[in-house]
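In what follows, a single structure is set out as structure tokens and then discussed.
Please treat every number below as a calculation from the coordinates, not as lab data. In this text, all values refer to a predicted model and were calculated from it rather than measured experimentally. Cβ coordinates were reconstructed from backbone atoms using ideal geometry, including for glycine residues, and neighbour counts include every protein chain displayed.
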């Protein structure tokens, strides 16, 4: 995702910014920050494990820390808040035991009230941070803590020890496998060799990989390849066939299908779109 950061955020403990996205796809990844997105314009799709959420204008989406997720965006504009785990630990020492959720589509008056309060806090945070009146940090931080308190009280679930232990182990292993694929994405990587390397049966590895990433291993390999293809469309003048070949996309049909799924158009259309966006105004 391409971001336009409206402030350096050196003065607060969280990262708060306006994201302007031309339409992109981010392969499965994770971070140790609690991330919230308030969509202002356009839309995006967030996928994690077996969940998939469409985020439209007026929606608030939340991604837990230490959860592998991917993002597919149309052109959009959104307010983004990222709160590092170490900041949360100062106030809730066992924050890693909690899983958070936001009622994107409220089913009760209580859930609707929670969602409206969060949206109101987001907009007030934006106003305070952009205008920066005298003592703005006092107000911004009070809003930030109010938002986090609302999450903890109304939108959280405490996980059991066994579930946490298993999740942490699988997260570490799946992350290592994802990195292995990123390092070798141009190669043909048999699932059997990955499974043997980590001591899993191929079928079991395939199941847990899909559970934690929402993708099969083959889908993830092609998603990584297509992300490199996307970058080269703007950075080189090579033909699309040449770019596919350089990045290991031997199956042209599959590569084209994955590209259309992730970016909503063909590589040729995306290249033309990106070139037109970079054209000087006086042309």
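A few points about this structure:
- Spacing of the modelled spin labels on residue 165 and residue 29, each 7 Å from Cα toward Cβ, amounts to 3.2 nm.
- Nearest 10 degrees, 0 to 90: helix 267-277 Cα axis against the chain principal axis: 50
- Note on residue 149 and residue 43: their simple-model spin labels are 3.6 nm apart, each label 7 Å out from Cα toward Cβ.
- Nearest-ten-degree value, helix 109-131 long axis tilted from longest Cα axis of the chain: 90
- The chain, relative contact order [Cα under 8 Å, separation at least 6], %: 17
- Length available on full extension from residue 245 to residue 211: 0.36 nm per residue minus the Cα-Cα distance, which gives 9.2 nm.
- Fully extended contour minus Cα-Cα distance, from residue 158 to residue 237, at 0.36 nm per residue: 23.3 nm
- Label sites at residue 13 and residue 254, each approximated as a point 7 angstrom past Cα along Cα to Cβ, lie 4.7 nm apart.
- Global geometry of the range 15-158, whether rounded, prolate or oblate, following the gyration tensor of its Cα atoms and the 1.5 cut on a/c: rounded
- Residue 77/residue 186 FRET efficiency (R0 30 Å; Cβ-Cβ; nearest 0.05): 0.30
- Per-pair calculated FRET efficiency, R0 = 51 Å: residue 56 and residue 196 via Cβ, rounded to 0.05: 0.70
- Global geometry of the range 138-225, whether rounded, prolate or oblate, following the gyration tensor of its Cα atoms and the 1.5 cut on a/c: prolate
- Against the chain, whose longest principal axis comes from its Cα atoms, helix 136-154 is set at around 80 degrees.
- Whether the chain is rounded, prolate or oblate, judged on the alpha carbon gyration tensor where a/c under 1.5 counts as rounded: oblate
- Entry note, the chain: the mean residue ellipticity at 222 nm calculated from DSSP H runs of n ≥ 4, each adding -39500 (n - 2.57), is -16000 deg cm²/dmol after division by the residues and rounding to the nearest 500.
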